[in-house]
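First up is the structure itself, then whatever we jot down about it.
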Amino acid sequence: MLQRRSGLRNEETGRGMRRMLVLATGSLCMLQMLCAGAVEPKEADLSNPEVIAQGKKRFNRSCFYCHGYEGTGGKGATLQRRADLTPQVIFDTISNGRVRGSATMPPWKSTLSEEEIIQLVAYIVSLRDMPEPK
Amino acid sequence: MKFFTATQRECPTPDFLTRAGESARTLCHAGACGLVALMAMAGIAAAAGDNPADWPVYHGNSKSSRFSALDSINKSNVKRLKVAWIHQPGEITGGLQATPIVIDGVLYYSSANNKVQALDAATGKELWRYQPKLDPIVNEIFFTASSRGVTVGLGKVFLATLDGRLIGLDQKTGKEVWQTQVVQTRKQSGNNFTSPPTLAGDVLVIAPTSGDSAQRGKIYAVDANTGNPLWQFDTIKDDPASWPGNSGDTGGGGGWLPGTYDKETDTLYWGVGNPAPDYYGDERKGDNLYTDSVIALDPKTGKLKWHRQELPHDVWDFDSTYETVLFERGGKKLLFHPTKAGFVWVMERDTGKLHNVWPYSKTYNFVKTIDPKTGELIGRQDPQVGQEILICPWILGSRSWNHGAYSPKTGLWYNNVMEACNTVKTAKQDPTKLGPADLYYGVEAVQMVPPPNEPASGRFEARDPETGKVKWSVPYSVPGLGCVMATAGGLVFNADVFGTLYAYDADNGNVLWNFNMGSGVRGGIVSYAVNGKQYIVVASGMYSHAVDFMPPVFPKIRDANGGSALIAFTLE
């Protein structure tokens, strides 16, 4: 139990405050990491052809039914030509799933590893270069 | 044979009496109620035990025909239909997929995530509600939110949950009476329940989502009064010739949707799901019984009376889980069974003997044909590893699970149809690496495409269910995904995905009335009477995963709005 002693009050209070600040900051960071999937996709992975190829394979096996072959389908918008989707947003959405109005997407973090999700992110980012359909 | 409760027998000024005249009025005053008299006069004999004022079971009656014997709403007055009440359960996730049950003036239904409501069927006023606490696993699995309804009987309301339980509620209060964990959704690849159970006497029977999952699908029965487990039927036959090695352990099967209980013969008919992995058959070389079969079970023991496998060694994801409809032709007691594959199998009810097989798909190519006398698949096209193959119909089938309706008055079957295909490159998939969100399809790539040489299309049509002869057909720009209802009033009700509800002339397909509900239909349309007044109730609320599959070939479906509202109509 902390006891206050008049001679040491300010120093102890200061140390205590700093401790609390470190704790609070650490907790916030932890919370943010948990909420954001704890991983930020690296640029090197996103442009790695092998990573993209693995992502394409998985996408066309596990994502095609709701998102269409090569990302053309889905009740929501196409995943092609989506410069608005940042890698972090894609990673978080795949990890945590999404419910929007009537449509549902399950969270994939208990099905896929982080590495596998990053592969998917890399593939979806690569779809930015798909030409407009004729 | 009791037809009406005391409340209904009062029938003060039922609409039909103005048409039926004095004889019916006399009968009503005598307490027998004119509806019975009218039906007898019209020659529409209600099946034994069916009360036309109720919608007591999922498919409307003991024949599973989604036919209402009520006729006070009919061709001459349907234009006067107006909204009587609306009930909104409050969650639009997953759409509103239920077919309500109505018994003695009380309506029971489930909405997203297994919320159950009981309403006064005349006013829509909520009498009670029940929400099970679902295991959070239900948010991680693929088959989420969907709830096709509840089952009512023996003083209880029965619910099959997304986390693998059967629950019995008190019919009057909604309080839980018993619950039983039937499948382990966490452990069994997301295996769960998305449809109501089927009541066969005192036996409650349920089949899980299974065909696209790496597990061994079964059909389960419990004592309806207590929830105590009674029996299990393994849809994966224990036979190495049918399932070599361990392939049966991840063979899928199961049953998805409700069965049909025939009280006359104490027989439970069920359509079994497809084998898994859906498109990759190399490691399950055999006929894969009892997948893609109609099975007839003894409900007390679960023993097999007979089975007829429609698609041996299915490699196209053509589960045979759709409705089994009982009907009669030429003095024969038959059943017809429409399937995802785009064919209808017609069999003798007592033996499963094949009576006919006919296609309702116009663009199928997974087989060249099916022999109508033997059921043999002729010229089958199986996916090959490393090669791309075109398969028609596509992964959603020639129709999704949304049930058709059969009218004994017209002798016609009314059904939504779609024509679309997909290319498939099959590949081995490791079943040990599947998480709760994954499906066991066994593919390298699938692309949804129109049929060769024509656009993808939808239609709503009327056919003779015995022969397949078309009576009439109406095009739909996006195929209908809702269940159909036919009535003795000469009407057929169907809705599109955008929210327009149509009342068709059952004889010729003319639109006699329509109404814009704002969101399309995925669930059921039912009819019932309270105090002699007929109501039509529609589950408006468009969504299911089928909607996600469709945009590559039906892009307009992206414009279909979600919703969740039970809308009741009656005459002014």
**Message:** Could you tell me the center-to-center distance, by alpha carbons, between the range B:177-197 and the range B:230-284 in angstrom?
**Reply:** 17 Å
**Request:** Shielding by partners for B:141-151, please: the mean number of other protein chain Cβ atoms within 10 Å of each residue's Cβ.
**Result:** 2
**Stokes-Einstein D for the protein assembly as shown, Kirkwood Rh over Cα pairs, 10 °C, 1.306 mPa s (µm²/s)** = 60 µm²/s
**Fill in**
Other residues with Cβ under 10 Å from the Cβ of B:THR321 give, with Lys and Arg +1 and Asp and Glu -1, a net charge of -2
**Request:** Take peptide A:92-103, look around each residue's Cβ out to 10 angstrom, count Cβ atoms belonging to other protein chains, and average those counts.
**Result:** 4
**Request:** Sort out for me the Cα centre separation of the range B:421-479 from the range A:84-134, rounded to whole Å.
**Result:** 25 Å
**Request:** Would you mind getting me the FRET efficiency between B:ARG129 and B:THR351? Use the beta-carbon distance for r and R0 = 41 Å, nearest 0.05.
**Result:** 0.35
**Request:** Kindly rank B:452-458, B:87-93 from highest to lowest mean number of other beta carbons found within 10 Å of each residue.
**Result:** B:87-93, B:452-458
**Request:** Give B:LYS175/B:LYS300; B:LYS305/B:LYS333; B:LYS263/B:LYS305; A:LYS57/B:LYS433; A:LYS56/B:LYS433 a once-over and call out the pairs whose C-alpha atoms are over 20 Å from each other.
**Result:** B:LYS175/B:LYS300
**Prompt:** In nm, what is the difference between 0.36 nm times the number of residues separating B:ASP202 and B:LYS332 and their Cα-Cα distance?
**Reply:** 43.9 nm
**Complete:** Within the range B:412-448, the residues whose backbone N lies under 12 Å from a label point placed 7 Å from the Cα of B:ASP464 along the Cα-to-Cβ direction are B:412-413
**Exercise: per-residue mean of other protein chain Cβ atoms within 10 Å, B:131-140** = 1
**Fill in**
Between the modelled labels at B:LYS187 and A:ARG100 (7 Å from Cα along Cα→Cβ) the distance in nm is 3.8 nm
**Under 17 Å from the Cα of B:LYS332 - aspartates and glutamates, other chains or at least 8 residues apart** = B:ASP262, B:GLU264, B:GLU348, B:ASP350, B:ASP464, B:GLU466
**Request:** Using only C-alpha positions, report the orientation-averaged shadow area of the convex hull of the range A:43-129, nm², one decimal.
**Result:** 5.1 nm²
**Item:** FRET efficiency, 1/(1 + (r/R0)^6) with R0 30 Å, evaluated for B:ASP120 and B:ASP505 via beta carbons
**Value:** 0.40
**Prompt:** Dipole magnitude of the protein assembly as shown about its Cα centre, charges +1 at Lys/Arg Cβ and -1 at Asp/Glu Cβ only, in debye to the nearest 20?
**Reply:** 1280 debye
**Prompt:** Between A:ALA77 and A:GLU40, what is the FRET efficiency for a Förster distance of 25 Å, r being their Cβ-Cβ separation, to the nearest 0.05?
**Reply:** 0.55
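Once fully extended, how much extra length lies between B:THR301 and B:ASP371, figured as 0.36 nm per residue of separation less the alpha-carbon to alpha-carbon distance? Don't jump to the answer; show the numbers that get you there.
Details: separation 70, 0.36 × 70 = 25.20 nm, distance 3.37 nm.
Gain in length upon complete extension: 21.8 nm.
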**Complete:** Residue separation between B:ASP266 and B:GLU388 times 0.36 nm, minus their alpha-carbon distance, gives in nm 39.3 nm
**Item:** Computed P(r) (all Cα pairs; the range B:159-206; 10 Å bins; percent)
**Value:** 27, 51, 21, 2
**Asked** For chain B, what does -39500 (n - 2.57) per DSSP helix run (n ≥ 4), summed and divided by total residues, give at 222 nm, in deg cm²/dmol to the nearest 500?
**Response** -1500 deg cm²/dmol
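Only the coordinates and a few stated rules stand behind these numbers; no lab work does. Predicted, not measured: the structure shown is a model, and the values here were computed from it. Please note: Cβ atoms are built from the backbone with ideal geometry, for glycine as well, and neighbour counts cover all protein chains shown.
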